[in-house]
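The numbers here are math on the coordinates, done by the rules we state, and not lab data. Only a predicted model underlies this, so the values are computations on that prediction, with no experimental measurement involved. Here the Cβ is made from the backbone with ideal geometry for all residues, glycine too, and neighbour counts use every protein chain on show.
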Amino acid sequence: MSFIQMVPESEATGQLAEFYRRLAYQDGSVDEAYKALSLHPALLAADAAMYDTTMYGESPLSRVERELLALTVSWLNGCERCLRHHAARYESLKAGPEPSRPGPGRFNAAVSDREGALVAFAERLTRQPGAVTSADIDVLRRAGLNDRAILDACNIVAYFNYANRMTLGLGLRPATVDPGMRPDRGT
């Protein structure tokens, strides 16, 4: 439950009702992360569009890499709700078992150099954004990322720092809904 009022699905009208229809799970319910933005439908639309583009749009980053960045940032920020959601997605996409709580030194040997570089960049940008330098970008390039992949990685880290702060600031707690239930999402 959110610290602020949320418009229930049954009371949504107009633009909000349309967003709810588009964002609904198979059972017709809408995730609390979206309902928490229901008092400002334009913000909800912008957030949903950013999330869709960030996590599902065309990118040189794989879906696994995107989920890895999302769950790394969520772990660093202590956002249990987002961590659980993106750890489940990551684990479903990644071949073989992986830990749910990544971070420097917490991965098993299956993590590639590229993934390790992405995690280190996510930590640096999350914990010390003003300290990021061209040397941090050079590490990503040496790990095989081109400038578009670096742009996308930076965007994912920035988006999840925003999303984590919105989630925590509005009092959203871990979801009880299966994260794979959204019909408009691919894996």
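Brief remarks on what is shown
- If you take all other residues with their beta carbon under 11 Å from the beta carbon of Pro41, and give Lys and Arg +1 and Asp and Glu -1, the sum is -2.
- With Cα atoms as the point set, the radius of gyration and Dmax of the range 63-169 evaluate to 12.9, 37 Å.
- Peptides ranked, highest mean first, by Cβ atoms within 10 Å: ranges 112-119, 167-174: 112-119, 167-174
- Descending by average beta-carbon neighbour count within 10 Å, the peptides 35-45, 4-14, 129-139 line up as 35-45, 4-14, 129-139, the highest first.
- Put a dot 7 Å past the Cα of Thr53, heading toward its Cβ, do the same for Gln128, and the two dots end up 3.1 nm apart.
- Tail weight of P(r) past 15 Å, computed on alpha-carbon pairs of the range 12-57, percent: 39
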